[in-house]
Each structure stands twice: as C-alpha cells, then as structure tokens.
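What follows is one structure encoded as structure tokens, with my remarks underneath.
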Amino acid sequence: MDASVNALAAPVARTGEAPHRYPPGDLAIWVFILAELLVFAVFFSAYAFARMGDPALFNQYQATLSQNAALVNTLTLITASYFVVRAVAAIREDDSRGCVRWLLAALGMGALFLVIKSAEYAHHFSLGVSMSTNRFYMFYFSLTFFHFMHVILGMVILAAVALKARRGGYSAVDHRGVETGASYWHMVDLVWLILFPLVYVMH
Amino acid sequence: MVEKKGARGLRPCTWVWLLLMALTVVTWSLGRAGVHGLALSLGVLFLALLKGQLVGDFFMGLRSVRGFWRWPVSLWLLIPGGLVTTAFILAAR
C-alpha cells in the first residue's frame, strides 16, 4: 500500500477551529450519546410532570437532600471534564505523557464523585429512606443512580483510553480514540449539569 | 475542543471551566438562600441550560461543527428544558 493510500486510511486529525462536518471522535459514540441523552430527557420531563401532581411533597423531601454535596459533585464533574479537554489538547500536541496525566486526574475526579454520591446514598439508607418511601425519592434514586452508573462506565472508557495512551497508542495524527472517550465523558457531565438544579435546587 | 492560549495566557477552555464553576456556585447560592418561587426555578434552569450549551460548544467541540451534528445537543437542552419549564409553570398556577 503506498503512502497516499495510508494517508487516506488514517484518522484525520482535527486542528484549530476550522469548521468540521462531524463532531470529534467516532460517529458511533455520538449515536450512542444521543440515545443516552434521549433517555435522560424523558427522565427529566417525567420528574417535572410527576412533580406537578404534588409539588408540596417534592419540595418537602427535596429539602432533605444535601445541596453542599451536590455542589461539590457538580464542581468535581466540571473539573473532570476540563481535565479531559486538556488530555485531548495534550495528545493533539503529541504529548502522550501529558494526555495520560490529565486522564488520570479526570479519573481521580470521577472517583471523588462516586465517593461523595455513595456517602449520600449511605446517609439516606441509614435513615431508612429508599425508592419506595415516596414518589420524590423514587425519582431521586432512579435518576441519580442511573447517572451514577454512567459515571462508572465513563471512567472505564477513560481508563482504557489512558492505558492505550500510556503504551503510545495515540499520536497527534491518530487520536480518535481519545476524542471518542472524551465525548462520552462530557455527555456524563452534561447530564449532571441539568440533573443538579432540577433535583436539588428548583422548587 | 482545543484552542490556542488567549487572554492572560489561558486557553479558552480554561476560561469556560472557570465560568462553569462560577455559575455552579451561583446556582447553589440561590438554592441555599432559601428563595422560593417560579422565577428562581426558571432562573436556575436557564443557568443550567447555558452551562450545558457551554459544555457542548467548548468541551465537546461542537462550536466548530457545521451541519446536522451542530444541533442535537442544543435541541436536547431546549426540548426537555421547555418541558420542565412548562411543568413548573403549570405546577405554580
């Protein structure tokens, strides 16, 4: 195979802010992301319309949630997303070690999110609260635990990307895998940015 | 998704990160202030949708995408955002 054919087969590096027809990463992950976003959109709308039936109950039990924990978790996820952006920037500059460092930092933030959320769950369970306590808690546990599982999946993807990057599997020319993992992680962050005010603040 | 350094030697993504952090603290402060009412809820929702658009544009890199793929995240913010707004308005009546 000659060099020109190899060049055509290689993933195209995205540089600068020139317009692109497709988003960063593999298009398949974007189809998956849109499907995930659709599910969360249904969840959010269902929460809001269920609240219409008994806003007083939702307001009463929303007050039992820790807004401080939710604040820290939101800052944690935003920071994790920022670290992932920096990881993509590093690999675009052919800095594999920098890419790995930023990804590990993002994974650390993801782990912190899981620890804080687990502590919240433990607190609720210690008070005897569960999904069946009332309609608010049913939505609270369903929405946040569904998102919790997505954080874990996002961390698995980022860990796999970090391992490959550590072995020199990505470069400034071929880094579509890093962009693919990054896009999924940003979706996880995006969902929480709506979930946080909806479940913890709006009343 | 990735840019050259700009004002004060910071990349635009770093400014966006700082803005997202600040808007999050504003949202939390509104909740902690104990202010109730529809206006507060819709204001907080607006901030959330703005933050989501910033993540889509600057973190997901959609700002430089043209055509079909430019819009799904924005539509995802607008449609459930509109439904949630409608539900909160109806609940307040």
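The values are calculated or read from the model by the stated rules, or taken from the named source; none is laboratory data. Predicted model only: the values in this text are computed from it and were never measured. Neighbour counts are summed over all protein chains in view; Cβ atoms, including those assigned to glycine, are modelled from backbone coordinates with ideal geometry. When the accessible area is computed, the model is the full protein with side chains, heavy atoms only, and any ligands, DNA or RNA have been set aside. Shrake-Rupley method; radii C 1.70, N 1.55, O 1.52, S 1.80 Å.
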Condition (residue is at positive phi, touching a residue at least 12 places away in the same chain (Cβ under 8 Å) and in a loop (DSSP other than H, G, I, E, B)) applied to segment B:24-34: is it met by at least one residue?
no
Flagged in segment A:22-37 as at the interface with chain B (Cβ under 8 Å from one of its Cβ atoms) and outside any loop (DSSP other than H, G, I, E, B), in numbering order, are A:TRP30, A:LEU34, A:LEU37
Among the residues that make up segment A:131-138, is at least one of them open to solvent by 30 Å² or more (accessible area, probe 1.4 Å) and in contact with a Leu (Cβ under 9 Å, 6 or more places away or on another chain)?
yes
(1) at pLDDT 95 or above; (2) open to solvent by less than 40 Å² (accessible area, probe 1.4 Å); (3) in contact with a helix residue (DSSP H, G or I) (Cβ under 9 Å, 6 or more places away or on another chain): which one isn't true of B:GLY37, the others all being true?
(1)
State yes or no: is A:ILE157 within 20 Å of A:LEU114 (Cα to Cα) and out of contact with any Ser or Thr (no Cβ under 9 Å at 6 or more places or on another chain)?
no
Under the condition of being β-branched (Val, Ile, Thr) and within 7 Å of chain B (Cβ to nearest Cβ), which residue from segment A:178-201 is farthest from A:ARG51 (Cα to Cα)?
A:ILE194
Where residues in segment A:120-155 are aromatic (Phe, Trp, Tyr) and under 17 Å from A:PHE43 (Cα atoms), which of them is nearest to the chain's Cα centre (by Cα)?
A:PHE148
Kindly indicate the residue of segment B:18-28 that is open to solvent by less than 50 Å² (accessible area, probe 1.4 Å) and facing chain A (nearest Cβ under 9 Å) and also farthest from A:THR64 (Cα to Cα) among those meeting that condition.
B:LEU20
Against the conditions (1) out of contact with any helix residue (DSSP H, G or I) (no Cβ under 7 Å at 6 or more places or on another chain); (2) more than 13 Å from A:VAL191 (Cα to Cα), where does A:HIS20 fall short? Just the number, please.
(1)
With the structure loaded, tell me whether A:ALA80 is outside any loop (DSSP other than H, G, I, E, B), touching a Lys or Arg at 6+ places or on another chain (Cβ under 9 Å) and small (Gly, Ala, Ser) or whether it fails that test.
no
If we keep only residues of segment B:53-93 that are charged (D, E, K, R) and surrounded by fewer than 17 Cβ atoms within 10 Å (Cβ to Cβ), then the residue farthest from the other protein chains (Cβ to nearest Cβ) is B:ARG93
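Yes/no matrix, rows are residues, columns are (1) aliphatic (A, V, I, L, M); (2) open to solvent by 10 Å² or more (accessible area, probe 1.4 Å); (3) within 24 Å of the chain's Cα centre (by Cα):
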site: A:PRO55; (1), (2), (3): no, yes, no
site: A:PHE58; (1), (2), (3): no, no, no
site: A:ALA69; (1), (2), (3): yes, yes, yes
site: A:THR74; (1), (2), (3): no, no, yes
site: A:ILE78; (1), (2), (3): yes, no, yes
site: A:ARG86; (1), (2), (3): no, yes, yes
site: A:CYS99; (1), (2), (3): no, no, yes
site: A:LEU103; (1), (2), (3): yes, no, yes
Matching residues, segment B:7-16, being open to solvent by less than 50 Å² (accessible area, probe 1.4 Å) and in contact with a Phe, Trp or Tyr (Cβ under 8 Å, 6 or more places away or on another chain)
B:PRO12, B:CYS13, B:THR14, B:VAL16
